[in-house]
Amino acid sequence: MKKILFSTLGLFVACNTSQKTITENQTNKTKEIDVTTIAASITEDELKEHLYTYASDEFEGRETGQVGQKKAVEYLKKEYEKLEIPSAKKDGNYFQNVTLTLNNVPTGNIIYNNAEYAVGDHVLTFNAVENNFDDITYVGYGIETDSYSDYNNIDVTNKIVLVKAGEPLDKNDNYIITGSKEKSVWSNASEAIGRKIKIALDKGASAILYYDATSYSRFQKRFNYMRENKSGRMEVKETNKKQFSSLFIDSFLAKNIYPEIDTNSSTKVIKKPINLKIISADNDLQTENVVAVLKGSEKPEEYLVISSHLDHIGVTPTGEINNGADDDGSGTVALLEIAEAFKKAEKLGQAPKRSIVFLHVTGEEKGLLGSQYYADIDPIFPLENTVANLNVDMIGRIDPKREGNRNYIYLIGSDKLSTDLHNLSEEVNKKYTNIELDYTYNDENDPNRFYYRSDHYNFAKNNIPIIFYFNGTHDDYHRPTDTPDKINYDLLENRTKLIFYTAWEIANREQRVVVDQVAN
């Protein structure tokens with residue numbers, strides 16, 4: 001990744017001042033208190049006590065919208081009440097109510113050229129749609145960037161568009177987007193799908209037929225699993241959302257619509273009607289984010305958001321509870337301890353200069369839905385005044401694939417929007433915790449794509465600098481064996497302190513973190 005390097009004199013000044021001490025007025029004198037005495041309130045014992053409750057069988061795996069998740073949000077609410085940290089909402093309610101829609105697996109078909117193609121066989125979708133189109137607009141790869149567009153001189157308003165996976169090559173077999181043999185993000189299946197769908201939606205299209213021969217069988221297995229288990233896909237309910245249908249098609253249907261689709265990327269209007277007759281009985285589901293705030297003493301209208309997800313994946317079909325001690329019980333209890341530390345500082349005479357938002361989001365396991373709701377629909381505090389997001393998701397275990405020092409943490413995203421934040425993070429760690437900061441999963445070419453898979457991404461896409469703290473996956477990931485007894489509490493304590501110290505510096509430095517790069 002290209003970086004912009006520059007001197008950060010302000011950072012070092014800040015590291016030697018606002019981070020080092022807090023002050024307390026006593027008989028007209030200033031008493032200096034080392035911030036490490038504040039961080040000392042973060043302990044293994046308290047983390048363990050919280051986690052053995054939060055990841056217990058009583059909470060039933062904290063499935064989004066279910067009884068166990070309701071118990072989890074009540075627990076968090078009571079803890080913030082004990083800490084005397086108020087709700088972020090003006091009405092005093094700690095719960096930010098989120099309505100999700102459960103898109104049940106639909107039934108129906110596409111009729112094209114007098115042939116029927118059943119949902120689940122040649123076409124996959126979670127959208128209920130009944131619509132007729134006189135023709136289909138083929139737009140090749142369906143890409144649009146500052147330097148390249150498949151939509152030049154094409155009006156797709158209220159049309160159905162046909163798009164294929166991948167990206168274009170020039171006559172020398174260089175990728176046109178990068179100008180080299182190196183692929184761009186448009187070749188990444190999971191990332192490109194969302195981007196291409198959004199472009200079609202923004203262009204005014206009513207539906208998209210997405211052709212990806214490589215990924216279709218994988219999508220179909222997932223679709224069939226959900227159909228057999230009578231489950232569905234969740235999404236945030238948006239009352240004013242434009243009606244738009246996304247349909248994924250296999251090679252058989254794609255080539256029946258346009259036989260040259262694999263060899264030709266030129267725009268073409270296919271003058272044959274297509275009828276969509278797909279129905280689904282969707283249901284609404286109520287769930288909650290938990291949001292508390294500690295107001296800043298000098299810059300209360302600037303906000304640092306510290307986040308973790310409160311949900312997990314519930315109970316298995318055979319009745320085993322997925323306790324989610326590491327995922328993300330560890331991040332949840334870390335936030336509680338960080339909140340306690342900031343409250344202690346306030347009681348000793350120095351609240352943070354900026355406001356600290358403690359955001360526990362729901363529906364992460366369903367597609368980052370709680371953080372999407374906060375960022376896209378109801379940001380309690382303006383995003384333009386949000387200086388950074390520190391996201392904590394799985395910090396209690398050791399990655400068995402990793403070799404070396406056990407006292408480590410994976411950092412993801414610290415340099416993607418702000419060189420300033422990355423440097424600040426490094427300096428804080430050197431000064432206080434000396435954890436090995438491992439950037440393995442920060443690589444642009446990381447096949448796991450972790451940067452896009454946790455709640456920080458809904459802030460990063462809005463150009464808000466982020467750091468994602470992560471210990472990596474393990475054999476107990478998303479299994480009933482992710483239990484509190486397997487947590488490394490000494491590591492959990494040290495990692496939590498690192499996040500607190502980083503938050504302390506961000507909250508108390510004179511200048512807000514500088515954004516010097518653009519979200520991608």
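Details
- Ordered from largest to smallest accessible area (heavy atoms of protein chains, 1.4 Å probe), the residues T157, T419, T99 come out as T157, T99, T419.
- The HN-Hα couplings worked out from phi for the range 452-464 by the Karplus form 6.51 cos²θ - 1.76 cosθ + 1.60 (θ = phi - 60°) are 9, 10, 9, 5, 4, 4, 5, 8, 4, 5, 9, 6, 9 Hz, whole numbers, x standing for Gly and Pro.
- The calculated FRET efficiency for F252 paired with V518, based on their beta-carbon distance and R0 = 56 Å, is about 0.90.
- Computed lengthening from N264 to D446, 0.36 nm per intervening residue step minus Cα-Cα distance: 62.5 nm
- Solvent-accessible area per residue in the chain equals 43 Å², computed with a 1.4 angstrom probe and all protein chains kept.
- Taken along the Cα-to-beta-carbon direction at a fixed 7 Å, the label points for K430 and K401 span 3.0 nm.
- Taking a Cβ cut-off of under 15 Å around I278, the surrounding Lys, Arg, Asp and Glu residues balance to a net charge of -1, with basic ones at +1 and acidic ones at -1.
- A simple spin-label model places pseudo-atoms 7 Å from Cα toward Cβ; at K183 and Y148 they are separated by 1.3 nm.
- Options [x] 25.3; [y] 27.1; [z] 24.7 - which one matches Kirkwood radius over Cα pairs in Å as calculated here: [z]
- Within-12-Å neighbourhood charge of R222 [Cβ basis; K, R +1; D, E -1]: +3
- Placing R0 at 51 angstrom, the Cβ-Cβ distance between N240 and D45 gives a FRET efficiency of 0.55 after rounding to 0.05.
- Lys, Arg +1 and Asp, Glu -1 on Cβ, resulting dipole of the chain about Cα centre, debye, nearest 20: 860
- Net charge dipole, the range 113-220: roughly 280 debye, given to the nearest 20, about the Cα centre with Cβ charges of +1 for Lys and Arg and -1 for Asp and Glu.
- Between the range 152-182 and the range 32-102, the alpha-carbon center distance in angstrom: 46
- Extreme residue, positive dipole direction of the chain, given options F95, I380, I136 (C-beta unit charges): I136
- Surface composition of the chain: carbon and sulfur make up 46 percent of the accessible area, probe 1.4 Å.
- Listed residues N188, V123, V161: farthest to the positive end of the dipole of the range 104-197 (Cβ charges): N188
The values are calculated or read from the model by the stated rules, or taken from the named source; none is laboratory data. Small disclaimer: the values here were computed from a predicted structure and weren't measured. For neighbour counting, all protein chains shown are included, and Cβ atoms are generated from backbone atoms with ideal geometry for every residue, glycine included. To get the accessible areas, we keep the full protein, side chains included, count just its heavy atoms, and leave off ligands, DNA and RNA. Shrake-Rupley method; radii C 1.70, N 1.55, O 1.52, S 1.80 Å.
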